[in-house]
Each structure stands twice: as C-alpha cells, then as structure tokens.
1. Name the residues in the range 26-79 that are small (Gly, Ala, Ser) and either in contact (Cβ under 8 Å) with a residue 40 or more places away in the chain or farther than 30 Å from Asn10 by Cβ (or both), would you?
2. I'd like the full set of residues that are of a type in the set (A, V, I, L, M) and in contact (Cβ under 8 Å) with a residue 24 or more places away in the chain, limited to the range 1-25.
3. When you go through (1) over 10 Å from the mean Cα position of the chain (by Cα); (2) of a type in the set (S, T, N, Q); (3) open to solvent by less than 90 Å² (accessible area, probe 1.4 Å) one by one for Asn47, which number turns out not to apply?
4. For the range 8-21, which positions are closer than 15 Å to Leu75 by Cβ and either open to solvent by 80 Å² or more (accessible area, probe 1.4 Å) or of a type in the set (D, E, K, R) (or both)?
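The values are calculated or read from the model by the stated rules, or taken from the named source; none is laboratory data. Everything quoted here is computed from the prediction, not taken from an experiment. For neighbour counting, all protein chains shown are included, and Cβ atoms are generated from backbone atoms with ideal geometry for every residue, glycine included. Heavy atoms of the whole protein, side chains included, go into the accessibility calculation; ligands, DNA and RNA do not. Shrake-Rupley method; radii C 1.70, N 1.55, O 1.52, S 1.80 Å.
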Amino acid sequence: MPLTPEERQNERLKLLANWANTLATAIVSVGVFVPIGQEIYGFLPQNTDPTLIYVSAPVCFTAGLILHLVGQWVLGGLR
C-alpha cells in the first residue's frame, strides 16, 4: 500500500532528524574522545597546541548538543 503525502513527509522528517542526531554523535565522539585519548595515550603530534585540545571538547560537545536538539525540533513537525 503506497504512502500518503503526509506519511511521506513524516518519513522525510524522521530521516532528517536521524541524520542530525547521527552527525551530533560523530562530532561528540571525535571532539570529546580524541582529547581524552590524547591525555591518556599521547597519540597526537608533540607540537599540537594544548589549547586546541582542551577547547575542542566543549566546543564539539556543544555543537553535538545543538544538532541533537535540532533533530528533536524537526521531529516536532511530525503530523
């Protein structure tokens, strides 16, 4: 049975929200866990600025949170 236009629109919105949430997860994973890994294992080059490492975690966490909230906002448009 084919989808109605409203159901099709809902599926598109769910796909967009899922994309935003997946991107948020990737940003948080890389931006927060790489600095933690750097502290534990020291795998970044020696000349890496420590400020970059310590600033990236909160920035990436905030960006991920905003993207997650955008995904929730998109889901608010479901009919």
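1. Within the range 26-79, Gly31, Gly37, Gly42, Ser56, Ala57, Gly64, Gly71, Gly77 qualify.
2. Listed by number, the residues that qualify are Leu13, Leu16, Ala17, Ala20, Leu23, Ala24.
3. (3)
4. Across the range 8-21, the qualifying residues are Glu11, Arg12, Lys14, Leu15, Leu16, Asn18, Trp19.
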